[in-house]
Amino acid sequence: MRRIFLQSVLLALLAACSEGVSTPHKEMPAFTPNFATSAAGSGAAAHSVLCSNASGSVFVREQCHANEQQLDVVALGLVGPPGPGGTSGYQIVAHQDFVPPGVANVHVNCPAGKRVLGGGFDIETPDYIKVFSSEPSDGAGNLIDNGWNVLVQNAGSSVRQTTVIAICALVQ
């Protein structure tokens with residue numbers, strides 16, 4: 001893992017140097033890539049920085065030598081801004097309905113404040129229940145972000161079971 005990271009860093013630096021981009025120098029705190037183990041394999045996280053010398057050689061070290069300057073990994077484009085928030089509060093909700101002969105919408109909503117990430121259905125018997133759509137909609141053709149709808153037809157002569165399932169979460 002460390003070797004792949006180092007190779008990626010060196011390739012990026014070579015590409016930047018070949019395009020005539022000057023290497024910005026700036027004193028900054030150590031860049032920590034959170035390696036699972038140090039070079040010695042001790043299990044302790046290694047703290048690495050990029051260092052360059054007067055000849056333009058670049059090194060990955062725990063600390064730059066006296067004749068080297070620490071490179072600004074942000075200015076080099078090796079570290080980007082923080083990404084957007086993720087998801088939390090993952091939850092699967094389901095609603096079971098007993099569909100009489102004919103066409104029906106079976107719908108389930110996510111709990112308040114949660115958005116639908118996906119969904120699906122379970123039918124009692126494929127011989128009689130035909131599924132026309134399974135989508136994040138309100139059942140009237142409008143797409144929504146907080147529920148799942150399944151449009152089914154019961155082609156049989158008795159009531160059949162259909163369950164709609166939604167995968168919901170808090171999305172930031």
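The values are calculated or read from the model by the stated rules, or taken from the named source; none is laboratory data. Just so it is clear, the model here is predicted, and its values are computed rather than measured. Note that we place each Cβ from the backbone using ideal geometry, even for glycine, and neighbour counts take in every protein chain shown.
Here are Val79, Val60: which of them is surrounded by 13 or more Cβ atoms within 10 Å (Cβ to Cβ) and either assigned to a loop (DSSP other than H, G, I, E, B) or touching a Leu at 6+ places or on another chain (Cβ under 8 Å) (or both)?
Being surrounded by 13 or more Cβ atoms within 10 Å (Cβ to Cβ) and either assigned to a loop (DSSP other than H, G, I, E, B) or touching a Leu at 6+ places or on another chain (Cβ under 8 Å) (or both) holds for just one of Val79, Val60, which is Val60.
Just to check your reading of the model, which residue among Gly77, Gly139, Gly102 is more than 20 Å from the chain's Cα centre (by Cα) and outside the structural domain of Val164 (by TED's automatic domain parsing)?
Answer to the selection: Gly77.
Within the stretch 86-134, how many residues are in a strand (DSSP E or B), out of contact with any His (no Cβ under 9 Å at 6 or more places or on another chain) and not charged (D, E, K, R)?
The total comes to 27.
Is there any pair with a first residue in the stretch 120-132 that is within 14 Å of Trp148 (Cα to Cα) and a second that is surrounded by fewer than 17 Cβ atoms within 10 Å (Cβ to Cβ) and not basic (Lys, Arg) whose Cβ atoms are under 7 Å apart and which are 6 or more apart or on different chains, and what are they?
Phe121/Val131; Phe121/Thr163; Asp122/Thr163; Phe132/Gln153
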